Amino acid sequence: MNRPTPPNSQVCFICGPTHPDGLRLQINSTPDSDGDRAVIALPDFVAGRVVGSAHPGIVTCLLDDMISHVILDELKANGMTVNIKTSIHQPVPLNRALGLSVNIESVNGRKVVAMGEVRLKDERTILASGVGMFIIIKENLAS
Amino acid sequence: MSLADEYPRCFACGNDNQRGLKLKFETKDNMVVSRFSLDEDFNGWPGVAHGGIVATLLDEAAYYAISILNDEWETGVTINLNLDFKFPTPVAQPLLLQGWVEKNRRTIVYCQTRLYREQDMKLLAQAQVSYLMRKKSNA
């Protein structure tokens, strides 16, 4: 089931429900039967240079955002990205359902490492993957 | 024809993408440089650019570095982005983006890109970006 977007993400370009032009990614508190925490079809305006495909930076947006939310769900903490490595295995198409999954790989003090994948929802083909290292922060940067 | 004309719908640089970043690059000393401010639309947390938007900036600088500084490539795709975030990137403040080619390995080109706060040249984020490129038929 969808869970509420945290207060510090209300205007987030990726997941903010009050952002007028954002992607409004909705993230579930538990994985679905495919292991995905979210499903999204990317709109035309996030196109990259390959015709019909998303910009690689937007793919990184999805992975980064998903990892942040899964840290919040599973560790009850705000995580800030320190490093993220994204691998694009195939162009990520626009206007097709994408399944997004994330698993936390390790927690060492305030350091969290998580791995995410972007797949075609129907075919389960892996299009992109990423490993993010996040640091737990005590307070929202905006406060 | 400029790259922005070649990819008019590109989220990062396309002239016709009204909801995109509309980056413009110039060349300076074997690198590409872009000066701009991010709109608040590209927030992650309030006042801070989304990490993926920073990734978009650093990726785009790499492609422009490859394409503008070297005439042998026709097109290419990102295969790896490795980003380090040093400090949160503010929105609505002047930023400076740099990119240059680090090395070529046949059809894989490795670039370095940097994002600074322009006011004091504080390094906000950096990346190594790998592109798989296709050569022009006459190159």
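Each reported figure results from applying straightforward, stated rules to the coordinates on display, with no laboratory input. These numbers come from a predicted model, not from an experiment. Cβ atoms come from the backbone with ideal geometry, glycine included; neighbour counts cover every protein chain shown.
Over all other residues within a Cβ to Cβ distance under 15 Å of B:GLN18, the charged ones net out to -2, with Lys and Arg as +1 and Asp and Glu as -1. As a proxy for reagent exposure, ranking B:VAL48, A:VAL118, B:VAL32 by other Cβ atoms within 10 Å from fewest up yields B:VAL48, B:VAL32, A:VAL118.
Legend: distances between Cα atoms for A:LYS138/B:LYS24; A:LYS76/B:LYS24; A:LYS76/B:LYS86; A:LYS111/B:LYS28; pairs beyond 32 Å are A:LYS138/B:LYS24; A:LYS76/B:LYS24; A:LYS111/B:LYS28. Scaled to the globular estimate 2.2 N^0.38 Å, the Cα spread of the protein assembly as shown, given as radius of gyration, is 0.95. Its alpha carbons give chain B an Rg and a Dmax of 14.5, 49 Å. Taking 7 Å steps out from each Cα toward its Cβ at B:GLU72 and A:ILE136 produces label points 5.0 nm apart. Rounded to the nearest 10 degrees, the inclination of helix A:56-75 to the longest alpha-carbon principal axis of chain A is 40 degrees.
The spacing between segment A:110-132 and segment B:100-125, judged by their C-alpha centroids, is 25 Å.
Scaling the Cα radius of gyration of segment A:26-104 by the globular reference 2.2 N^0.38 Å produces a ratio of 1.13. By the count of neighbouring beta-carbon atoms within 10 Å, fewest first, B:LEU23, A:LEU42 end up ordered B:LEU23, A:LEU42. The residues packed around B:GLY51, meaning those with a beta-carbon under 13 Å from its beta-carbon, carry a net charge of -2 if Lys and Arg are +1 and Asp and Glu are -1. Under Stokes-Einstein, with the Kirkwood radius over Cα pairs as Rh, the value for chain A at 20 °C and 1.002 mPa s is 141 µm²/s.
Local charge for B:THR113 was computed over the other residues whose Cβ lies under 12 Å away, with Lys and Arg +1 and Asp and Glu -1, and equals -3. Evaluated at q = 0.21 Å⁻¹, the base-10 log of the normalised Debye intensity for segment A:8-56, with identical point scatterers placed on the Cα atoms, takes the values -0.84.
Separation of segment A:14-78 from segment B:1-37 is 24 Å, based on Cα centroids.
Tell me, what is the Rg over Rh of segment B:52-127, with Rh the Kirkwood radius over Cα pairs? That ratio equals 1.00.
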